[in-house]
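First the structure, in the form of structure tokens, and then the observations on it.
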């Protein structure tokens, strides 16, 4: 079809109008947190991936994050977006099987703690641990993947589980002594767990005997590793740690394995500490975000060959700041 002279004039007018409009697009900042709008001619000028990455990138976009300073409503909307990406495969299990409770006992107490190692996937993924109503979670992150551990707060049935509390005959919880907690929740990090248990100890990982994962010793470099602990706080208005002496025992053991790793400890409101049922989806949850290519190393120098920079972030509840952020070249 041939264009008439009138059509040509319309095309030229449209091109001129387009040239006068600055380009606008959302641009992640260099930390991957949040987005800003800029006007400008090139992606590289504003911290976006280089043109070389854009031309050869089969990996997903940088992490979708809410920003360092956001309102509570925006943060909640961000968590809701993360929730939509959760599948059965990336929902972290915390429930021990009955065979574990029956077959793994110390001093007659069933071991209900669970843990596992996960290698980072090949694509951008968000993992979620949900259902923390008083329990304690440990997330260990490095460039190989992450280890997630879960310690139940109380027994559901007398003698079965409950790292922090035992269940009395009147169905009332009673806090365990620090020595008992050490035996059933902390010292097991040094032991090789039985095959029936949903548990990968740090000793197993350190010795190259992990049940999953391609890396024989993913904890070899503690300087490459960061640790996050989320535990129950005393009350809705008192954010100090409820089981402080026991958490200190746990942290001391983690330092034995990871002496150069920073440990970030946070607290959350448990179900029986002025729990707000309306906020349940945003209480006692941890999100682990990962992307294999957050950015590259030559975003502003397109003559250089880019090297991928992966990124992982750990979020909890509806907090505005991720307590764990880690980047590394791949």
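Report the extension gain between residue 158 and residue 320 in nm, rounded to one decimal, defined as 0.36 nm multiplied by the number of residues separating them, less their alpha carbon distance.
Residue separation times 0.36 nm, minus the Cα-Cα distance, leaves 54.4 nm.
Taking R0 as 41 Å, what FRET efficiency do you get between residue 171 and residue 329 from their Cβ-Cβ distance, rounded to the nearest 0.05? It comes out at approximately 0.15. With the highest mean first, a sort of the peptides 129-136, 234-241 on other beta-carbon atoms found within 10 angstrom per residue produces 129-136, 234-241.
Once the chain from residue 84 to residue 248 is taken as fully extended at 0.36 nm per residue, the excess over their C-alpha distance is 55.5 nm. Packing-based ranking of 283-293, 196-206, 316-326 yields 283-293, 196-206, 316-326, ordered from highest to lowest mean Cβ neighbour count within 10 Å. Of the peptides 73-79, 108-114, 225-231, 165-171, the ranking by mean beta-carbon count within 10 Å, highest at the top, reads 225-231, 108-114, 73-79, 165-171.
Here residue 97 and residue 263 are evaluated by their C-beta separation; at R0 = 41 Å the FRET efficiency comes out at 0.90.
A short reminder: the numbers here are calculations on the coordinates, not readings from a lab. Computed from a prediction, not measured in an experiment: that's the story for all the values here. A quick note on method: Cβ atoms are made from the backbone with ideal geometry, for glycine too, and the neighbour counts reach across all protein chains shown.
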